1. For the stretch A:272-292, what are the residues that are more than 8 Å from chain B (Cβ to nearest Cβ), open to solvent by 10 Å² or more (accessible area, probe 1.4 Å) and in contact with a Pro (Cβ under 8 Å, 6 or more places away or on another chain)?
2. Can you list the helices (runs of 4 or more DSSP H) found entirely within the stretch A:210-318 that contain at least 3 residues being touching a Leu at 6+ places or on another chain (Cβ under 6 Å)?
3. Output the helices (runs of 4 or more DSSP H) that fall wholly within the stretch B:72-131 and possess 1 or more residues being away from chain A (no Cβ under 11 Å), or say none.
4. Name the residues in the stretch A:15-33 that are more than 11 Å from chain B (Cβ to nearest Cβ) and farther than 19 Å from B:G136 by Cβ, would you?
5. Quick one: is B:V45 under 19 Å from B:L72 (Cα atoms), surrounded by 18 or more Cβ atoms within 10 Å (Cβ to Cβ) and more than 14 Å from chain A (Cβ to nearest Cβ)?
6. Going residue by residue through the stretch A:348-360, is there one that turns out to be open to solvent by 10 Å² or more (accessible area, probe 1.4 Å), under 20 Å from A:Y330 (Cβ atoms) and part of a helix (DSSP H, G or I)?
7. Could you tell me which of the residues A:A104, A:A129, A:A124, A:A36 is in a helix (DSSP H, G or I), over 20 Å from the mean Cα position of the chain (by Cα), buried (at least 23 other Cβ atoms within 10 Å of the Cβ) and not assigned by TED's automatic domain parsing to the domain that holds A:K323?
8. Every residue in the stretch B:12-42 that is open to solvent by less than 10 Å² (accessible area, probe 1.4 Å) and not in a loop (DSSP other than H, G, I, E, B), please.
Amino acid sequence: MTEKYNMPDERGHFGPYGGIFVAETLMPPIQELNEAYQRYLADPVFIAELDADLKYYVGRPSPLYHAERWSRELGGAQIYLKREDLNHTGSHKINNTVGQALLAKRMGKTRIIAETGAGQHGVATATIAARLGLECVVYMGAVDVARQSLNVYRMKLLGATVVAVESGSKTLKDALNEALRDWVTNVDNTFYIIGTVAGPHPYPAMVRDFQSIIGREAKEQCLEATGRLPDALVACVGGGSNAIGLFYPFIEDKSVKMYGVEAAGDGVSTGRHSAPLCAGRPGVLHGNRTYLMCDDDGEIIETHSISAGLDYPGVGPEHAWLKDTGRANYVNITDTEALEGFYALTRMEGIIPALESSHAMAYTMKLAPTMRKDETIIINLSGRGDKDMQTMAKREGIEL
Amino acid sequence: MSRLAARFEALAKAGRKALIPFVTAGDPRPDFTVPLMHEMVKAGVDVIELGVPFSDPMADGPVIQRASERALAHKMSLRRTLETAIEFRKTDQDTPIVLMGYLNPIEAMGYEAFANAAQRADIDGVLTVDLPPEEGLECSALLKARGIDPIFLLAPNSTDERVKKMDAAGSGYIYYVSLKGVTGAGHLNTADVEHKLQQIRANTNLPIAIGFGVKDAVTAKTIANIGDGVVIGSALINKIEDNLDDLDLAKQEIITLLASIRQALNS
């Protein structure tokens, strides 16, 4: 059964979620961005340029890899990995930065800013800025600067200025606040490349559209490999860009179950987690209404996750809608479980996943054994684990 | 007529400009705010903007961010900010109070519960930084029904169309953000403000208060003369931050600065 899905509405609403909740100075640039985006989305020259960049610069299509040994070991469904880790710069983030940077260039913007958590989006932004010769400033929480120092170095090497944000909890949400403050100050020449499906409209829809290449390819590749649609999709959810990128092209295929995996940190019951869909409440932050981690007074509470990329108190508004409508299921995985997923994929398949993606691996270890051997799961392997080597070595008591 | 409308009308009649201080409720301690508000009234302010602390003040510069952090460290909240206003009202029934903050605390309380609570606290206006009229009509209607003015922002890049939108959606006054940037920024250009005000005036009859980047009596006077009033925030909060170990001195320095601005505005 197929039912037409055409979210968001014209004002960026996914049901009660999404929208445009920003200070007045940002209304004109957001309107300008929305108009430019709608225009270029329908421009075959723009689309051809984007497709060429995705093919020759990013290295798409990324393979859909059948993890046969791991599937056998788990004894259930056949597991396929969508290898976004093999993209240039090592994660799915580049799909979006290539698109937004092309848009920035068309709009005549000379300066690019971005926020980053794990540093993958920052690296992907710095990369494309270097290629296009644009000035690039990346905001990163001071805590994340410390735990993702490799990526900080990569960004600097690429010519970006990395600003360590010392306010609030010094993580991704504070980096976003600071990037918004920069944008409001430099609206005339600056394009803000948001890395996830959050922010004010049109960002959630635009980032989704750029990331949905993941799901479009996966669908085609799955049909080719198995002759049918997958039975389940699994992806980690911080802001939710890799998950929506995989899910979106399957939304109307009702037989395909979707699992978004949030970071449970020390466990949802401890309060030390980053799982707003599983344990938060609707509210407004960073330009949109969505599920948030906040207290009864509406103050945002600090989040916790072993993975910097999932350490965010909000989530894309489309995920909030998919949760409420029941189209997607949102589950959570603790730090400890994520580490099991990390080691399992590394040892079983010789692929070292990012700690973010390891959450999706860990959930698959629970899901696959409950499914039949002729059923199929596609996991979005959204990033590679190179950036996490220091974190992992430190956990094992090894000095690199 | 609302207390704000009456206040601006009286000021216009007297040929005076409104002096509007902004302070964050509960900064640096909950018991500091009400006495400070009374002292500010004595120093000649016309309207008080009371900041509701928020964990993620995206439109604010570092000074007001830190004010929020200090207040939140004492568990200040929207609910306790309303209690602060009630406390102030016990001995001052004349000075209009405008709550200024971000949407999420209001979302958490619920729009209707908030509107009722604001009415009980005898609040005169509500300015929600991240709630443009496109998303804010439900909340504004609830406030207006209770005689509370929803106050909206305009910015240097606002078009005629948006000025008209604010004119239709807002009441009390319009807060003109004098520069592209965050609160307390240092690049205020008075010629630009003057030029922009002509465009705004052509599209609204609401009084216009101008804020962001006003630091001293000279700028305040220039800015106030262009609009109907001037908002001063970060410069006051700096006095708190500079004197955290001597809050009496902090209060005194705030009052001295406001008195000098009042004098400049009147001269």
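1. A:G280, A:Y291 - these are the residues of the stretch A:272-292 that are more than 8 Å from chain B (Cβ to nearest Cβ), open to solvent by 10 Å² or more (accessible area, probe 1.4 Å) and in contact with a Pro (Cβ under 8 Å, 6 or more places away or on another chain).
2. Hits in the stretch A:210-318: A:213-226.
3. B:78-89, B:111-120
4. A:L33
5. Judged against the criteria, B:V45 is not a match.
6. Checked against the condition, which is being open to solvent by 10 Å² or more (accessible area, probe 1.4 Å), under 20 Å from A:Y330 (Cβ atoms) and part of a helix (DSSP H, G or I), the stretch A:348-360 yields at least one hit.
7. A:A104
8. B:A18, B:L19, B:I20, B:P21, B:V23, B:T24, B:T33, B:L36, B:M37, B:M40
The values are calculated or read from the model by the stated rules, or taken from the named source; none is laboratory data. Note that the structure is a prediction, hence the values are computed from the model and not measured. Quick reminder, even Gly has a Cβ in these numbers, built from the backbone with ideal geometry, and neighbours come from all protein chains shown. Surface accessibility is based on the protein's heavy atoms, side chains included, excluding ligands, DNA and RNA. Shrake-Rupley method; radii C 1.70, N 1.55, O 1.52, S 1.80 Å.
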